[in-house]
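Colleague: One structure, pasted below without further comment.
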Amino acid sequence: MRIAFLGPPGAGKGTQVDLVSREYGVSVLSTGDAFRAMMKREDKLAERVRSYVEKGELVPDEVVFEIVKEFVDNKDSFILDGYPRNLRQAELLDDFLEGKGLALTGVVNILLDEDEIVKRLTGRLVCPQCGRVYNIYYSPPREDKLCDDCGVPLERRIDDEDDVIRQRIKVYHREMKPVVDFYQRKGLLFNVDGAGDIHEVFERIKKVLDGK
Ligand code: AP5
Ligand code: MG
């Protein structure tokens with residue numbers, strides 16, 4: 001299984017790849033998570049990455065692809081969450097994997113309308129210690145804004161401010177159409193409705209993955 005998960009910000013990519021990874025025992029690279037880990041450092045690259053992420057812009061392709069290349073290299077199975085985000089990233093990955101004889105086996109494209117995207121993102125809280133993701137509307141912590149597991153105060157992501165959310169959605173619409181067409185032409189694209197609760201969406205994704 002070599003799968004990429006696409007979808008607008010807040011579509012549920014991270015939530016679903018966690019479930020898929022556990023169910024099928026496949027390792028995941030979330031480029032967004034990789035950048036958030038990087039941004040905790042105090043070096044030049046972290047500063048450069050932060051300057052894009054905090055504005056809701058894409059980090060330059062070369063920087064992202066270095067991380068992706070290292071992760072997928074010689075793996076039989078993997079899941080990518082949030083890569084590729086533009087046509088160039090798709091082509092870089094395609095060339096690299098074809099060269100190894102390990103092309104993607106499928107691309108899951110989670111679809112969600114904009115009102116729901118905004119609700120999910122404005123409601124998201126994350127534990128700074130363990131990374132557990134909550135949502136004040138759908139999956140709130142037991143105690144107000146404290147992690148159920150660690151007891152520490154939950155935080156919003158730096159890119160979940162209203163204006164940055166709007167910019168991320170704009171970038172998504174600007175860049176993703178050619179990516180979707182690229183995988184559609186290859187017969188690899190599976191659209192999945194991202195509306196409904198987490199387990200309903202997971203059942204839809206399992207149907208796609210089990211049918212392959
Ligand atoms: P990234 O971290 O990938 O952010 P994103 O694509 O904007 O997506 P999110 O992580 O916000 O949403 P998600 O789809 O994972 O949803 P989640 O499961 O968390 O990227 C961040 C930034 O890094 C980018 O803007 C860019 O700067 C940079 N970057 C990353 N990859 C890059 C690349 N390839 N190239 C260049 N730059 C890159 O769910 C959201 C919320 O909804 C949560 O609260 C969750 O609990 C809740 N939820 C999930 N599913 C459901 C459901 N079914 N019902 C109710 N609530 C739900
Ligand atoms: Mg995510």
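Read-outs: derived from the displayed coordinates by stated rules, not from any lab. Predicted model, so just to flag it, every value in this text is computed and none were measured. Cβ atoms come from the backbone with ideal geometry, glycine included; neighbour counts cover every protein chain shown.
Colleague: Return the sequence-ordered ³J(HN,Hα) values of the range 8-13 in whole Hz as given by the Karplus equation 6.51 cos²θ - 1.76 cosθ + 1.60 applied to θ = phi - 60°, using x for Gly and Pro.
Modeller: Going residue by residue, I get x, x, x, 5, x, 4 Hz, with x marking Gly and Pro.
Colleague: List, in order, the whole-Hz ³J(HN,Hα) value for each residue of the range 186-191 obtained from phi through the Karplus relation with A = 6.51, B = -1.76, C = 1.60 and θ = phi - 60°; use x for Gly and Pro.
Modeller: 7, x, 9, 8, 10, 7
Colleague: Under the rule of at least 5 residues apart or a separate chain, name every residue whose amide H is placed under 5 Å from the amide H of ASN191.
Modeller: Long-range HN contacts for ASN191: ASN109.
Colleague: For the range 159-174, just list the computed ³J(HN,Hα) in residue order, Karplus coefficients 6.51, -1.76 and 1.60, θ = phi - 60°, integers in Hz, with x standing in for Gly and Pro.
Modeller: Per residue, the Karplus-derived 3J(HN,Hα) values read 9, 9, 7, 3, 5, 6, 4, 4, 5, 4, 5, 4, 4, 4, 5, 5 Hz.
Colleague: Assigning unit charges at the beta carbon (Lys, Arg +1; Asp, Glu -1) and nothing else, what dipole magnitude in debye, to the nearest 20, does the chain show about its Cα centre?
Modeller: 220
Colleague: While we're here: With a cut-off of at most 10 other beta carbons within 10 Å, and DSSP calling the residue loop, which GluC sites (Glu not before Pro) in the range 70-163 qualify? Please list them.
Modeller: In loop regions of the range 70-163 (DSSP not H, G, I, E or B), the sparsely surrounded GluC sites (Glu not before Pro) are GLU143.
Colleague: Determine the calculated [θ] at 222 nm for the chain from helices alone, applying -39500 (n - 2.57) to every DSSP H run no shorter than 4 residues and normalising by the residue count; nearest 500 deg cm²/dmol.
Modeller: Taken over the chain, the calculation gives -15000 deg cm²/dmol.
Colleague: What fraction of the DSSP beta bridges in the chain is antiparallel, stated in percent and rounded to the nearest 5? Before the final figure, lay out each step's value.
Modeller: On the way: 6 of 22 bridges.
Bridges in the chain are about 25 percent antiparallel.
Colleague: Can you return the lysines within cross-link range of LYS55? Criterion is Cα-Cα under 18 Å, with same-chain partners fewer than 8 residues away left out.
Modeller: Output for LYS55: LYS40, LYS44, LYS170.
Colleague: What percent does the relative contact order of the range 9-167 come to when contacts are Cα pairs within less than 8 Å and at least six residues apart? Before the final figure, lay out the partial values.
Modeller: On the way: 160 pairs, mean separation 38.6, N = 159.
About 24 percent, as a whole number.
Colleague: Hey, how many Å between the Cα centroid of the range 131-172 and the Cα centroid of the range 34-95?
Modeller: 21
Colleague: Oh, and also: Kindly put THR31, THR105 in sequence by how many other C-beta atoms sit within 10 Å of each C-beta, fewest to most.
Modeller: THR105, THR31
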